[in-house]
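Enquirer: The structure's right below; bear with me while I get my questions together.
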Amino acid sequence: MSAVLPTPSGHPPKGTHPNALGGKSIPPFAHAYRTADETLFQDLVRAGFRRIVLQTPAGLQRNALELGRTIRERTGADVIHVTRTCFGACDPPAATEVAGAEALVTLGHAPIPNMPLALPTYFVEMRTSEGDVEALARKVAEAGLPARLGVVASIQHLDLVGPLTEALGRRGITLRSGEGDARLAYAAQALGCNYTTAERVADEVDGFLFLGTGLFHPLGLAYAVEKPVWSLDPLQTTLAPPLDRDGMVRRRLLTIARVMDARRWGILVSTFGGQNRMAMAQRLRERARSHQREAEILVFDRLESRDLLARDVEAYVSTACPRIALDDGDLYDRPILTPPEFLSALGERPLTPYQFDTYH
């Protein structure tokens, strides 16, 4: 975990971190920074952009206006804010939102190495070192967790992985962090559609720690690995009990069972730059038709439950973010499956072991 993340030219991008995966190239135009620091402002000034778009997720919008003012004052550029909610690095602004812009600054996300970018993009990851590492290690040790644990962290708390590994090691607990596939920039990184950093070490551990806040990533991790998942919140110094993976999977299997006889399917395709899997949708449509099922492709940019009302289908399969089906399925009036679940509904793959729809 000491190599830098090189650009295609062989030079590390500005602000790259020491725990980036070695040998992995990132898209042209990508720059990564721990925080909105002096290096970011200097790089923007050097580039001489005249119009910059600023994109922020919902949880960081309180920082947006102040950062926008600072960028404008430091660079002299016109700064435009994208107001719609940003779900992740897979969700860059649409062409209409960046019309006339020369660069994008996006908060709270890391580059996706295998995702092309339309504009020079400055990823401000909002890293934080907050958290009492010794107190966190004591919390884990006193809870009697297994002595072999894997770790996955949100991008904001990734810098705590190294110190926590050392602190737990002194208490006889081995913490393993894996290297992900081409969609992940850093070892131990969590991405809502990809937990290959955990899958790579799953056979070497007896459970996983998620280091961060909220339930979004622990839920995704629990679907992806057949091991207990504990959530360690570095801000509150709390350790949540393991998630009920068996119950989670059982609910998904019941959803699959409900639609095994469905004859009419809608296949959902996102136009987001990092979520579009049209080729997969076309393959799934052919698989459906080979089983004498009707299937049509439905394209969307931002999916709302009302968009699917009154359509003449019995169920959907989403080739976009897998969390639409797993987290938000109850918001829709008909069942939504992930692609592996859809193949199980067609009888082409077994129901178990449950397979998470890892987006590569």
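Enquirer: Would you kindly calculate the mean projected area, averaged across all directions, of the convex hull enclosing the Cα atoms of the chain, in square nanometres? Each step should come with its number before you reach the end.
Expert: On the way: hull surface 72.9 nm².
Here the figure is 18.2 nm², rounded to one decimal.
Enquirer: Let me ask another. Return the whole-Å distance between the Cα centroid of segment 286-360 and the Cα centroid of segment 156-180.
Expert: First find each Cα centre; the distance between them is then 36 Å.
Enquirer: A further question follows. With n ≥ 4 as the cut-off for DSSP H runs, can you work out [θ] at 222 nm for the chain, using -39500 (n - 2.57) per run divided by the number of residues, rounded to the nearest 500? Spell out each step's value before the answer.
Expert: Values: 10 runs with 94 residues, N = 360.
Calculated mean residue ellipticity at 222 nm is -7500 deg cm²/dmol.
Enquirer: What percent does the relative contact order of segment 48-108 come to when contacts are Cα pairs within less than 8 Å and at least six residues apart?
Expert: On the way: 84 pairs, mean separation 33.3, N = 61.
Rounded, it is 55 percent for segment 48-108.
Enquirer: Mind checking the dipole of the chain: about its Cα centre, +1 per Lys or Arg Cβ, -1 per Asp or Glu Cβ, Debye to the nearest 20?
Expert: On the way: 40 positive and 42 negative charges, 85 e Å.
In total the dipole reaches around 400 debye.
Enquirer: State, to one decimal in nm, how far the label point of ALA279 lies from the label point of GLU294, with both points 7 Å from Cα in the Cβ direction.
Expert: Modelled inter-label distance: 3.0 nm.
Enquirer: What number, in percent, do you get for the relative contact order of the chain if the mean sequence gap of Cα pairs under 8 Å and at least 6 apart is divided by its residue count? If you can, show how the numbers build up before the last one.
Expert: Working: 747 pairs, mean separation 44.3, N = 360.
Answer for the chain is 12 percent.
Enquirer: Pairs of Cα atoms under 8 Å, at least six residues apart: use those to get the relative contact order of segment 98-247, whole percent.
Expert: 22
Enquirer: I've got another one for you. If the elastic network links every pair of Cα atoms under 10 Å, which of HIS291, HIS81, HIS109 fluctuates the most in the Gaussian network model of the chain?
Expert: HIS291
Enquirer: Here is a follow-up. Pull up all non-local amide H partners of TRP265: gap of 5 or more, or a different chain, and H-to-H distance under 5 Å with H placed in the peptide plane.
Expert: GLU294, ALA295, GLU296, GLU314
Enquirer: Between segment 189-253 and segment 57-81, what's the alpha-carbon centroid distance in Å?
Expert: A separation of 33 Å, based on Cα centres.
Enquirer: So, one more: Return the sequence-ordered ³J(HN,Hα) values of segment 89-95 in whole Hz as given by the Karplus equation 6.51 cos²θ - 1.76 cosθ + 1.60 applied to θ = phi - 60°, using x for Gly and Pro.
Expert: These are the phi-based 3J(HN,Hα) values: 5, 6, 10, x, x, 6, 4 Hz.
Enquirer: Right, next: Under a 10 Å cutoff between Cα atoms, tell me which one of ALA187, ALA310, ALA222 has the largest fluctuation in the Gaussian network model of the chain.
Expert: Comparing ALA187, ALA310, ALA222 in the GNM, the peak value goes to ALA310.
Enquirer: Tell me, what HN-Hα J-couplings in whole Hz come from the Karplus equation 6.51 cos²θ - 1.76 cosθ + 1.60 at θ = phi - 60° for each residue of segment 295-302, using x for Gly and Pro?
Expert: Working through the residues one at a time gives 8, 10, 8, 10, 9, 8, 9, 10 Hz.
Enquirer: If amide hydrogens are placed 1.01 Å from N in the peptide plane, which non-local residues have theirs closer than 5 Å to the one on LEU243?
Expert: Counting only residues 5 or more places away or on other chains, the set is VAL229.
Enquirer: Moving on to the next point. Among LEU175, LEU309, LEU346, which one moves the most in a GNM of the chain with springs linking Cα atoms closer than 10 Å?
Expert: LEU309
Rule-based calculations on the coordinates, nothing more; no lab input. Nothing here was measured: the structure is a model prediction, and the numbers come from that model. Cβ atoms come from the backbone with ideal geometry, glycine included; neighbour counts cover every protein chain shown.
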